[in-house]
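Asks: Just dropping this structure here.
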Amino acid sequence: GGLALVMGMIGCHAQHLACFVTGLPVTRVAADVGALVPGRNVIDHVSALLEFGNGAHRARGTFTATQAAAGAENDIRLRVCGERGLLDWWHREPSYLTLALPGEPVRTIGRGDAYLSADVIAAGRTPRGHPEGLREAFANLYAEVAQERMALALGEPVVAQPYPRIEDGAHTMAFIEACLASHEQRAWADVAL
């Protein structure tokens, strides 16, 4: 709970997902935060403009997280738009990713498609057409940590696995603090990196 309830409970997942998929950290935010449900003493809604950055590469995004939208539980949607095309993923249809490239038909990429890379296929736990979800995601995280730790223990070359690191958690906490600061100052706020 606390002041940043919606960010600590659900917004942190969406923020981390956006950073992981784009490969870019959020560097600045312009946020509006508050309680939409009358009588609540915690923040249940955040809307923000985001600036992602990594050296010369900059990108912009929008972000909304709310615990005041009845019937929209776990309704995470991520869209990445750029000059080379669009990626669209929706938590309620997690096995599919939409890819739209200029001048080409829109494609739906399914989990387990034979042309996907070996590491992407390995992340799937059940054959295509069978639902996957939260348990499989945790199984993948545990397997990634175990693979890395076993290689270290055996003195073998370590292949960095994509599981979240402490730095990712620290960045998320800095993102939450920047959202609160931006709202209070009514201005863009830097996210400490």
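Asks: Where does the Debye-calculated log10 I(q)/I(0) of the range 65-144 sit at q = 0.17 Å⁻¹, using only Cα point scatterers of equal weight, no solvent?
Replies: -0.85
Asks: On a full-extension model of 0.36 nm per residue, what is the gain between Phe138 and Thr62, subtracting their alpha-carbon distance, rounded to one decimal in nm?
Replies: Between Phe138 and Thr62, full extension yields an extra 24.6 nm.
Asks: Which whole-number value in Å² is the accessible area per residue of the chain, probe 1.4 Å?
Replies: On a per-residue basis, the chain sits at 64 Å².
Asks: Return, for the Cα atoms of the range 113-193, the radius of gyration and Dmax in Å, separated by a comma.
Replies: 18.4, 53
Asks: Rounding to the nearest 20 debye, state how big the charge dipole of the range 2-161 is about its Cα centre with +1 on each Lys and Arg Cβ and -1 on each Asp and Glu Cβ.
Replies: 180 debye
Asks: Sort Ile176, Ile76 by accessible area with a 1.4 Å probe, largest first.
Replies: In descending accessible area the options line up as Ile76, Ile176.
Asks: Any idea what % of Cα-Cα pairs in the range 37-193 are farther than 19 Å? Don't skip to the answer; put the middle values down first.
Replies: On the way: 8713 of 12246 pairs.
Here the long-distance tail beyond 19 Å is 71 percent of all Cα pairs in the range 37-193.
Asks: Quick one: check the C-alpha center-to-center distance for the range 1-73 versus the range 128-161, whole angstrom.
Replies: The range 1-73 and the range 128-161 have Cα centres separated by 28 Å.
Asks: What does the charge count near Tyr96 come to, summing +1 for each Lys or Arg and -1 for each Asp or Glu among other residues with Cβ under 15 Å from its Cβ? Write out the running numbers ahead of the final one.
Replies: On the way: positive: Arg77, Arg79, Arg92, Arg107, Arg111, Arg128; negative: Asp88, Glu93, Asp113, Glu132.
Taking every other residue near Tyr96 into account, the sum is +2.
Asks: Can you pull the one-decimal nm distance between simple spin-label points at Leu154 and Ala192, each 7 Å off the Cα toward Cβ?
Replies: For the pair Leu154/Ala192, the computed spacing is 4.0 nm.
The values are calculated or read from the model by the stated rules, or taken from the named source; none is laboratory data. The structure presented is a predicted model; accordingly, all values stated were derived computationally and were not measured. Heads up, the Cβs are rebuilt from the backbone with ideal geometry, glycines too, and the neighbour counts pull from every protein chain shown. Please note that ligands, DNA and RNA were not included when accessible areas were found on the heavy atoms of the full protein model with its side chains. Shrake-Rupley method; radii C 1.70, N 1.55, O 1.52, S 1.80 Å.
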